[in-house]
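Chemist: Before I ask anything, let me first share the structure, which is written out below as structure tokens.
Just so it is clear, none of the values below were taken in a lab; they were calculated from the coordinates. In this text, all values refer to a predicted model and were calculated from it rather than measured experimentally. Cβ: placed from backbone, ideal geometry, glycine included. Neighbour counts: every protein chain shown.
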């Protein structure tokens with residue numbers, strides 16, 4: 001029996017996030033003020049009093065979710081996980097929990113990643129869509145046949161795959177996927193085509209930042225999105241983190257690998273409870289809980 005910690009990604013933000021930690025924990029207040037200083041703006045103020053629209057900006061959303069996740073993790077870190085994973089952005093939180101990155105370096109990388117992705121969205125417009133009720137293989141097959149940039153981006157759970165690409169490509173794919181038998185094809189309210197080739201410019205900027213950060217060997221296995229298996233080598237972790245921007249989040253495959261390697265209990269650490277639901281759909285036997 002092994003205990004895994006999993007960390008959420010973009011979309012789990014909400015107004016008032018982490019405010020309780022700030023008010024009730026001197027350590028949480030200290031680390032959040034440290035984040036404000038490192039970022040050069042009062043992120044905590046936006047987290048506590050900002051609107052949903054304020055929190056939807058990529059350059060705010062990503063550091064906000066990361067910060068909330070780390071503050072939540074610090075409240076339970078005396079109980080060490082046997083393995084960790086994070087969904088997209090959540091991989092940075094997982095790397096802090098595994099001792100690969102310091103809080104400060106991870107926050108700087110998250111801020112760089114967010115700005116780079118925002119920049120890529122502005123220069124390469126795109127969008128994403130959730131495809132429900134169709135086999136992953138069929139979704140990938142239909143996307144490959146579209147004469148535009150459209151790729152599987154998030155393998156969230158069986159029967160739920162998010163695709164990413166150009167606006168026209170996603171429109172074409174949604175029509176084709178409904179014709180192929182998808183129950184629903186929902187265009188998502190996102191700012192760009194995350195985890196697709198349209199993020200290439202962001203990948204280059206992140207690569208430079210990652211190469212200048214200090215990465216250490218993990219204290220427990222880190223299951224990374226693009227390879228969906230345990231990784232223990234710091235250099236490989238770096239490369240997978242870079243590849244993640246243009247590669248898919250293989251969440252279904254990641255949880256399956258963790259279960260196969262002995263995970264029976266999963267704790268979602270951070271804002272929201274999205275991952276709990278996905279994990280239960282991937283593995284009926286898994287025990288799930290949340291600290292957020």
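Chemist: Say R0 is 41 Å: what FRET efficiency, to the nearest 0.05, do residue 217 and residue 289 get from their beta-carbon distance?
Modeler: My answer for the efficiency is 0.90.
Chemist: For residue 79 and residue 147 in the same chain, what is the full-extension length gain: residue separation times 0.36 nm, less their Cα-Cα distance, in nm?
Modeler: Taking 0.36 nm per residue and subtracting the Cα distance, the gain is 19.5 nm.
Chemist: Give the order of 141, 236 when sorted by the count of other beta carbons within 10 angstrom, beginning with the fewest.
Modeler: Neighbour counts put them in this order, fewest first: 141, 236.
Chemist: Further question on the same structure: Anyone know which of 44, 214, 201 comes out most mobile in the 10 Å Cα GNM of the chain?
Modeler: Greatest mean-square fluctuation among the candidates belongs to 214.
Chemist: If you take every DSSP beta bridge fully contained in the chain, what fraction is antiparallel? Give it as a percent rounded to 5.
Modeler: 50 percent
Chemist: Angle between the Cα long axis of helix 58-74 and the longest principal axis of the chain, 0 to 90 degrees, nearest 10?
Modeler: 50 degrees
Chemist: Would you look at the GNM of the chain, springs on alpha carbons closer than 10 Å, and say which of 87, 123, 195 moves the most?
Modeler: Fluctuation is largest for 123.
Chemist: Same structure again: Which whole-angstrom value gives the distance between the alpha carbon centres of the stretch 93-171 and the stretch 226-292?
Modeler: The two parts, judged by their Cα centres, are 15 Å apart.
Chemist: So what is the 222 nm mean residue ellipticity for the chain from helices alone, if each DSSP H run of at least 4 adds -39500 (n - 2.57) and you divide by all residues, rounding to the nearest 500 deg cm²/dmol?
Modeler: -14500 deg cm²/dmol
Chemist: Taking 7 Å along the Cα-to-C-beta vector as the label spot, tell me the residue 273-residue 45 distance in nanometres, rounded to one decimal.
Modeler: Placing both labels 7 Å along Cα→Cβ, they lie 3.3 nm apart.
Chemist: At a Förster radius of 41 Å, what calculated FRET efficiency corresponds to the Cβ-Cβ distance of residue 102 and residue 188, to the nearest 0.05?
Modeler: 0.80
Chemist: Please find, in a Gaussian network model of the chain (springs between Cα atoms separated by less than 10 Å), the residue of 117, 232, 199 whose mean-square fluctuation is greatest.
Modeler: 232
Chemist: When ranked by the protection proxy of mean other Cβ atoms within 10 Å per residue, highest first, what sequence do the peptides 248-256, 23-31 form?
Modeler: 248-256, 23-31
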